[in-house]
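Some notes on the structure that comes next.
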Amino acid sequence: MTIAQRAVAASLAFLASVALAGVALVPEGVEYRAFGMVEGVFALLLSYLLVFRRGWHAPEDAVGWIAVAYGTLASAQVLELLLPPPGMIEWMVVAGVAVTAWGAFSGGSRRRLVFTLASLALLLAVLKFSVIPVLWGRIGPQPGTAFGLGDAAEGVRRVFADYRPLRPIGQLVGFVAIACWAAGTRLLWPDDEVHEAEDRTIVREEIRLLKS
């Protein structure tokens, strides 16, 4: 495939990710959750980082810019899916990600960048779809729960996370959305030997600095 053809295919994959990542299968039915300011700003930062670290092919024409634009939208929607619900937990997670993001700019190969993003996505998924639901069920408004606080526990837990439960199949829809984002990223991944050689040079330089 040519670069233009891969950009078109990546755009379609990113559009599929945008469409699926916002679908929330709540117990009452289906709703669509669009990304907000926090996710949008982080998506812009992530898109710049991916182009800067050659995770995405640098756009050279209108088709390339469209692919990057759709990739940015897909990143924002995937972040809406992965980030914890509004509350103190989200504030702490966003602050931690913002501080550690500087390390991504400081060095490392693009393969390491992708591995870091995958690890971060896994941790966010565990937090949102495993840790928070368990805590939400244990600290409830029913009498006798949460040390007998009753309804007071409802207000306390909403300060930490305004969690809205999803049906189990909703997580499958989110997984497909992330897979579409990964497919779009793979299509925009530069495969030329020059970039691979540059990555190896960066790794060798880091090893030399660590040894010194």
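Okay, here's what the table says:
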quantity: Total residues in region 47-67, condition without any contact (Cβ under 8 Å) to a residue 40 or more places away in the chain and within 18 Å of the chain's Cα centre (by Cα); calculated: 3
quantity: Scan of region 2-33 for residues that are open to solvent by 50 Å² or more (accessible area, probe 1.4 Å), closer than 15 Å to residue 80 by Cβ and either part of a strand (DSSP E or B) or in contact with a helix residue (DSSP H, G or I) (Cβ under 7 Å, 6 or more places away or on another chain) (or both), ordered by number; calculated: 20, 31, 32
quantity: Verdict on residue 46 being at pLDDT 85 or above and part of a helix (DSSP H, G or I); calculated: yes
quantity: Unique match (being at pLDDT 80 or above and open to solvent by less than 30 Å² (accessible area, probe 1.4 Å)) among 63, 68; calculated: 68
quantity: Residue list for region 53-63, filter: closer than 15 Å to residue 13 by Cβ and part of a helix (DSSP H, G or I); calculated: 63
quantity: Enumeration of residues in region 43-60 that are of a type outside the set (Phe, Trp, Tyr) and open to solvent by less than 20 Å² (accessible area, probe 1.4 Å); calculated: 43, 47, 49, 50, 55
quantity: Cβ-Cβ under 7 Å pairs, at least 6 apart or on other chains, region 80-99 side open to solvent by 40 Å² or more (accessible area, probe 1.4 Å), far side not hydroxyl-bearing (Ser, Thr, Tyr); calculated: 86/162; 88/159; 88/160
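Yes/no per residue for (1) open to solvent by 40 Å² or more (accessible area, probe 1.4 Å); (2) farther than 29 Å from residue 51 by Cα; (3) at pLDDT 75 or above; (4) touching a Cys at 6+ places or on another chain (Cβ under 6 Å):
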| position | (1), (2), (3), (4) |
| --- | --- |
| 101 | no, no, no, no |
| 117 | yes, no, yes, no |
| 131 | yes, yes, yes, no |
| 135 | yes, yes, no, no |
| 139 | yes, yes, no, no |
| 150 | no, yes, no, no |
| 160 | yes, yes, no, no |
| 163 | no, yes, no, no |
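The values are calculated or read from the model by the stated rules, or taken from the named source; none is laboratory data. From a predicted model like this one, the values you see are computed outputs, not experimental measurements. So basically every Cβ, Gly included, is an ideal-geometry build from the backbone, and we count neighbours across all protein chains shown. With ligands, DNA and RNA removed, areas are computed over all heavy atoms of the protein, side chains included. Shrake-Rupley method; radii C 1.70, N 1.55, O 1.52, S 1.80 Å.
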